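Notes follow once the structure below has been shown.
Just so it is clear, none of the values below were taken in a lab; they were calculated from the coordinates. Computed from a prediction, not measured in an experiment: that's the story for all the values here. Every residue, glycine among them, receives a Cβ derived from its backbone with ideal geometry; neighbour counts consider all protein chains shown.
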Amino acid sequence: MANTQRKVAVVAIGGNSLIKDEKRKTVEDQYQAAKETTYHIADMIEAGWDVAIGHGNGPQVGFILRRSEIAAKVEGMHEVPLDVCGADSQGAIGYALQQTLQNELFRRKIKKSVATVITQVLVDKADPAFQKPSKPIGGFMDQAEANRREAEMGWSVVEDAGRGWRRVVASPLPKEIVELETVNTLVNAGVVVITVGGGGIPVVDAGDGQYAGTAAVIDKDFASSLLAQAVKADLFLISTAVEKVAVNFGKPDQKWIDRMTLAEAKQYLAEGTHFAKGSMAPKIQAIIWYLEAGGKQALITNPESIGRALRGETGTWIVP
């Protein structure tokens, strides 16, 4: 690969993209899905990009928590704290991504190392998100158990649409990637780095320079945006379930967007009707922050369209 000038891309993969449907959720199924995604990332590497990969972990952390809850109920095992579940998921998903990507690069005779960095991300203890936890996690409980956990463990609990009670945690904004220097060193050495898994393991600064894990969930697109800003990426690519972004999504005047400017993206987001809160809105917001911080270009598309999108044939490009 004659690569005269280094081009760095940060690629954010959804945790849901490792799960194709309700019937295919096993570890083997997720490995196969990771394999498909890393095939398309290998295309980027072959085209001369140096890549850092961020990924979601929503479903996977849910599985880890459920196992922990069941083991506690059935066998009296200790439960696994949420920050440790996040670390577990970073290791397991990182393993699947790094092995499948390594195998694919070997198949293509591309000499490049792949490494996963267990990544902590600093959040602010004073973030208003901690005052109103909103992310449901773990299994359902009856009211008695919910009340007990609230009293004994300090959990925040809510009644979830008549299905029972669930724990909710905060989703604070990422402030700083603790292992950034390590990630930067690896990227500069040409290593493909898998980092900020699931948005990173949320940690707070206890005030004396000591980090401590906290029960929270960081949006993986926000963390990947912070990563893209910090490594001065030439491209921020969000790989998701759709080939392109639409405005007026699902309405008669729905329109697919090939290209939008930062100003247009901000206007569409401000209008509040175009992008769903839990899915596309945070992606657009993440890209806005990246471009406002001096980022060059961003792309939203699905994994199988990455190659074509990089050639300008599809996907939604968002530019300054």
* **Whole-Å distance, taken between Cα centres, linking the range 115-192 and the range 221-256** => 23 Å
* In the chain, what percentage of the DSSP-assigned beta bridges are antiparallel, given to the nearest 5? -> 40 percent
* To do: With springs only between Cα atoms under 10 Å apart, run a GNM on the chain and tell me which of I177, I288, I110 wobbles the most.
  => I110
* Structure fact -> Computed over the chain: longest principal axis from alpha-carbon atoms vs helix 58-75 long axis, angle to nearest 10 degrees, is 30 degrees
* Across the chain, where is the longest run that never hits trypsin sites (Lys or Arg not before Pro) in a DSSP loop with at most 10 other C-beta atoms within 10 Å? -> 164-276
* Asked: Among all the lysines, which ones have a C-alpha under 28 Å from K175's C-alpha, if same-chain residues fewer than 8 places away are not counted?
  -> K7, K125, K132, K135, K220, K232, K266, K277, K283, K296
* Structure fact -> Once the in-chain neighbours fewer than 8 apart are removed, the lysines whose Cα is under 17 Å from K20 read K35
* Structure fact -> What helix-only [θ] at 222 nm does the chain give? Using -39500 (n - 2.57) per DSSP H run of at least 4, over all residues, to the nearest 500, the answer is -12500 deg cm²/dmol
* Structure fact -> Computed over the chain: longest principal axis from alpha-carbon atoms vs helix 220-230 long axis, angle to nearest 10 degrees, is 50 degrees
* Asked: Whose amide H sits under 5 Å from the amide H of A12, counting only residues 5 or more places off or on another chain, with H placed in the peptide plane?
  -> G54, L237, I238, S239
* Could you pull out every one of the aspartates and glutamates with an alpha carbon less than 19 Å from that of K255, ignoring same-chain neighbours closer than 8 positions? => E243, E264, E271, E313
* Just need the relative contact order of the chain here, percent rounded to a whole number, with Cα pairs under 8 Å and 6+ apart. => 20 percent
